[in-house]
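Trainee: The structure under discussion is supplied below as structure tokens; questions concerning it will follow.
The values are calculated or read from the model by the stated rules, or taken from the named source; none is laboratory data. Since the model is a prediction, treat every value here as computed from it, not as a measurement. With ideal geometry, Cβ positions are generated from the backbone for all residues, glycine too; neighbour counts draw on all protein chains shown.
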Amino acid sequence: MKVGILGGTGPQGRGLATRLAAAGHDVLIGSRSTERAQVIAAEVGQPDGSGRIVGVSNADAAAAELVIVSVPYQGHADLLSSLATELAGKIVVDCVNPLGFDQQGPFPLRVAAGSAAQEAQQLLPDSTVIAAFHHVSAVLLNDPTVDHFADHVLVLGEDRDAVAVVCDLATAIPGARGIYAGRLRNAGQVETLTANLIAINRRYKTHAGIAITGVS
């Protein structure tokens, strides 16, 4: 599969690009600056015997078969609105966490639509929006010494076939597993849980993830 990552030059985007390319997917790292995307693609490198990583503009990344949105929430709505035509008819995976930070630490931002994923679906009525990849540590994704993840990736959406595609994509990351976690209306608490994980990471100096018990 050819996967485009909007905002792919950030830590989460480049980490997902590395892991998905290692699983055999061709990845287009998108950015507002094509030059920056090309620099990051060169830094990430091409995992031997696997998919290719290419730096392109966000508009070109939107031309991929499946597109992941990995941008700061502040630019979320404007970017998706500008690419609604390019993203029509596609699975769009939103992994954006609307968070703020102050002296007390991370906290969730209020989103009028209920969540970033629901906002994305409103802005992209002709796309199938799936929420996923909110809790996988960017630090671990970018660490070449980490070859196994114990994370469950919570995947939410209305279209079960699209959910299955994204679950398979998550499971391509060694050790990780995609888990259906409900409809898109439940994405809000999944996104905001990231604030708790960041607080845990800071307190215990770790890179906490999510594991669901009782699922065989």
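Trainee: Just need a number here: residues in the range 1-60 that are at positive phi and β-branched (V, I, T).
Mentor: Residues flagged as at positive phi and β-branched (V, I, T) within the range 1-60 amount to 0.
Trainee: So, one more: Going by what's in this entry, would A120 be described as surrounded by fewer than 21 Cβ atoms within 10 Å (Cβ to Cβ) and of a type in the set (A, V, I, L, M)?
Mentor: Considered against the rule, which asks whether it is surrounded by fewer than 21 Cβ atoms within 10 Å (Cβ to Cβ) and of a type in the set (A, V, I, L, M), A120 comes out as no.
Trainee: For S115, are the conditions met, namely being at pLDDT 95 or above, crowded, with 21+ Cβ neighbours inside 10 Å and under 15 Å from N186 (Cα atoms)?
Mentor: Against the criterion (at pLDDT 95 or above, crowded, with 21+ Cβ neighbours inside 10 Å and under 15 Å from N186 (Cα atoms)), S115 qualifies.
Trainee: Filter the range 166-197 down to the residues that are part of a loop (DSSP other than H, G, I, E, B), within 17 Å of G209 (Cβ to Cβ) and in contact with a Leu (Cβ under 8 Å, 6 or more places away or on another chain) and list them by number.
Mentor: A172, I173, A181
Trainee: Failed condition for I200, given (1) within 19 Å of L99 (Cα to Cα); (2) surrounded by 21 or more Cβ atoms within 10 Å (Cβ to Cβ); (3) β-branched (V, I, T), with all others met?
Mentor: If we test I200 against (1) within 19 Å of L99 (Cα to Cα); (2) surrounded by 21 or more Cβ atoms within 10 Å (Cβ to Cβ); (3) β-branched (V, I, T), just (2) comes out false.
Trainee: Which condition from (1) among the β-branched types (V, I, T); (2) surrounded by 14 or more Cβ atoms within 10 Å (Cβ to Cβ); (3) more than 14 Å from the chain's Cα centre (by Cα) is the one that V215 breaks?
Mentor: (2)
Trainee: Scanning for something of a type outside the set (A, V, I, L, M) and either in contact with a Pro (Cβ under 8 Å, 6 or more places away or on another chain) or buried (at least 21 other Cβ atoms within 10 Å of the Cβ) (or both), does the range 85-92 turn up at least one residue?
Mentor: Step one: list which residues in the range 85-92 are of a type outside the set (A, V, I, L, M), which gives 85-86, 89-90.
Adding the requirement that they be either in contact with a Pro (Cβ under 8 Å, 6 or more places away or on another chain) or buried (at least 21 other Cβ atoms within 10 Å of the Cβ) (or both) leaves none.
Checked the range 85-92: no residue is of a type outside the set (A, V, I, L, M) and either in contact with a Pro (Cβ under 8 Å, 6 or more places away or on another chain) or buried (at least 21 other Cβ atoms within 10 Å of the Cβ) (or both).
Trainee: Give me the residue from the range 135-159 that is part of a loop (DSSP other than H, G, I, E, B) and either among the small types (G, A, S) or in contact with an Asp or Glu (Cβ under 6 Å, 6 or more places away or on another chain) (or both) and, out of that set, surrounded by the most Cβ atoms within 10 Å (Cβ to Cβ).
Mentor: G157
Trainee: Something else about it: List the strands (runs of 3 or more DSSP E) inside the range 41-127, counting only whole elements, that have at least 1 residues being among the acidic types (D, E).
Mentor: Result: 91-94, 99-102.
Trainee: Just wondering, is there one or more residues in the range 12-19 that are in contact (Cβ under 8 Å) with a residue 24 or more places away in the chain and either farther than 16 Å from A138 by Cα or not in a helix (DSSP H, G or I) (or both)?
Mentor: No, the range 12-19 contains no residue that is in contact (Cβ under 8 Å) with a residue 24 or more places away in the chain and either farther than 16 Å from A138 by Cα or not in a helix (DSSP H, G or I) (or both).
Trainee: Continuing with this model, one more query. Let me confirm something: among A37, A64, A42, which residue is out of contact with any Asp or Glu (no Cβ under 7 Å at 6 or more places or on another chain) and surrounded by fewer than 16 Cβ atoms within 10 Å (Cβ to Cβ)?
Mentor: Answer to the check: A42.
Trainee: Anything in the range 16-27 that is surrounded by fewer than 24 Cβ atoms within 10 Å (Cβ to Cβ) and within 23 Å of L83 (Cα to Cα)? List them, or say none.
Mentor: Within the range 16-27, H25, D26 meet the criteria.
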